[in-house]
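First up is the structure itself, then whatever we jot down about it.
The values are calculated or read from the model by the stated rules, or taken from the named source; none is laboratory data. Keep in mind it's a predicted model, so treat the numbers as computed, not measured. Ideal geometry is used to build each Cβ from the backbone, glycine not excepted, and the neighbour counts take in all protein chains shown.
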Amino acid sequence: MTKLTKLVVDCSTGIESIIELTDAEIAQREADAAAYAVIEAEREAAAEALAALKASAKAKLIAGTPLTAEEAATIVL
Amino acid sequence: MANTYTLIQSVTVGSGGSSSIVFSTLPNTYTDLVLKISARTNRSNVTDAISLKLNNVTTNQSSLYMESTGGVSNSGTLSTIRGQTCGNDSTSGTFGNCEFYIPNYAGSLSKSTPSLGVAENRGANAYMWLVSNLWNSTAAITDIEIINVNSASFLQHSTASLYGITKS
């Protein structure tokens, strides 16, 4: 199995090093990714909901039917 | 107005890839920093998200973002510093570009770190992110680690360059 590494450059010396991640760093990296996946899922769900709301507002405008306040808010500045 | 733009260090990822890129022991002699990143990750996606770990922590971060694929646009908030690059499903040979501007990095006020990033892709979608990032800390920034929030790794030829800006 390939070891995970990080590329480190010391700005005071210019020396570059490739350092293997510690078990703690790997665990933190996995925890960060899991937490970010939750954030990203929420962001994508919100974006999809907004897109659906806009599509509904557009369809109602074309059909000449009343919009909900939420739908109107997506198109009125 | 900046009157100098000095390269502090530039690094390129080698053949083995790298999970992150770290600039350590930053000089405190500049006014601002500019971090320019050209990167591609091994994530199986057209786009990929990067972030910054400042002084080895990811706490007290927040951001306001606007994103667009060129067809669909969205905006919102996140609890991380956010930048953008491309994953391994982007057109072969393309690298995403992202820039962070970090004013007053050595000062004691909260650190704004705005970013502009794109996931280069010669396809239907090209993801663009404009982000107002904040690290709410009074500590001077001494170390910057570019991390991938999806647990992917930076591929060979990815580069990161850190510049120091001195105001006139």
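At-a-glance table
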item	result
Residue selected from segment A:35-51 under the condition more than 8 Å from chain B (Cβ to nearest Cβ) and surrounded by 11 or more Cβ atoms within 10 Å (Cβ to Cβ), by the criterion modelled with the lowest pLDDT	A:Glu44
Any chance B:Ala49 is in a strand (DSSP E or B), small (Gly, Ala, Ser), at pLDDT 95 or above and under 14 Å from the mean Cα position of the chain (by Cα)	no
Residue selected from segment B:140-168 under the condition out of contact with any strand residue (DSSP E or B) (no Cβ under 7 Å at 6 or more places or on another chain) and under 19 Å from A:Asp10 (Cβ atoms), by the criterion surrounded by the fewest Cβ atoms within 10 Å (Cβ to Cβ)	B:Ala140
Of the criteria (1) of a type outside the set (A, V, I, L, M); (2) in a loop (DSSP other than H, G, I, E, B); (3) within 11 Å of chain A (Cβ to nearest Cβ), which one B:Ser90 fails	(3)
Residue that is farthest from B:Ser19 (Cα to Cα), among those in segment A:11-32 that are surrounded by fewer than 16 Cβ atoms within 10 Å (Cβ to Cβ), facing another protein chain (nearest Cβ under 7 Å) and in contact with a Ser or Thr (Cβ under 8 Å, 6 or more places away or on another chain)	A:Ser12
Conditions (1) in contact with a helix residue (DSSP H, G or I) (Cβ under 7 Å, 6 or more places away or on another chain); (2) more than 30 Å from B:Leu26 (Cβ to Cβ); (3) within 12 Å of chain B (Cβ to nearest Cβ); number of the one not met by A:Leu4	(2)
Residue within segment B:23-40 that is within 8 Å of chain A (Cβ to nearest Cβ), farther than 20 Å from B:Leu109 by Cβ and not small (Gly, Ala, Ser) present	yes
Which numbered condition B:Ser137 fails, given (1) more than 19 Å from A:Gln28 (Cβ to Cβ); (2) over 12 Å from the mean Cα position of the chain (by Cα)	(1)
Residue check, B:Ser79 of a type in the set (S, T, N, Q), more than 24 Å from B:Ile165 (Cβ to Cβ) and within 12 Å of chain A (Cβ to nearest Cβ)	yes
